[in-house]
Amino acid sequence: QVQLVESGGGLVQAGGSLRLSCAASGRPFSTYFMGWFRQAPGKEREFAAAINWNGGNTYYADSVKGRFTISRDNAKNTVYLQMNSLKPEDTAVYYCAADQRGPYHRSSSYNYWGQGTQVTVSS
């Protein structure tokens, strides 16, 4: 069992930056492939970024590539999402997910989820 708690969301102007954190507890964090997803009102949850167990491989949705950076600190049991050059269309609830067992870009592939943190980007 893994518990995930996101933090770092908030209100920011377009062009600004935020760093989201996801703190994990429970089973050894370092064994998990981790992902960040987001869900805007009225839309399906969509993939944003993912990272393998040691941070050696990262993956991004085309919509965030070049603006977002995923990273992890296994000593702190935490995964991060640095978001730069934010746009109003990045407004969503952001979720971290753990224990991927299928295609990394599919939300159904992950067994554990956090409660989400709201990111709002004003124009």
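The values are calculated or read from the model by the stated rules, or taken from the named source; none is laboratory data. Worth saying up front: this structure is predicted, and the values here are computed from it rather than measured. Positions of Cβ are generated from backbone atoms using ideal geometry, with glycine treated the same way; all protein chains shown enter the neighbour counts. In case anyone asks, the SASA skips ligands and DNA or RNA and just uses the protein heavy atoms, side chains included. Shrake-Rupley method; radii C 1.70, N 1.55, O 1.52, S 1.80 Å.
Remarks
- Odd one out for N84, checked against (1) open to solvent by 50 Å² or more (accessible area, probe 1.4 Å); (2) on the phi > 0 side of the Ramachandran plot: (2)
- If you filter segment 100-123 down to residues that are closer than 14 Å to A49 by Cα and out of contact with any Pro (no Cβ under 7 Å at 6 or more places or on another chain), you find that the one that is surrounded by the fewest Cβ atoms within 10 Å (Cβ to Cβ) is P103.
- Test: residue in segment 23-35 that is open to solvent by less than 60 Å² (accessible area, probe 1.4 Å), touching a residue at least 24 places away in the same chain (Cβ under 8 Å), among the aromatic types (F, W, Y) and assigned to a loop (DSSP other than H, G, I, E, B): yes
- Qualifying positions in segment 23-61 - among the β-branched types (V, I, T) and either at positive phi or in contact with a helix residue (DSSP H, G or I) (Cβ under 9 Å, 6 or more places away or on another chain) (or both): none
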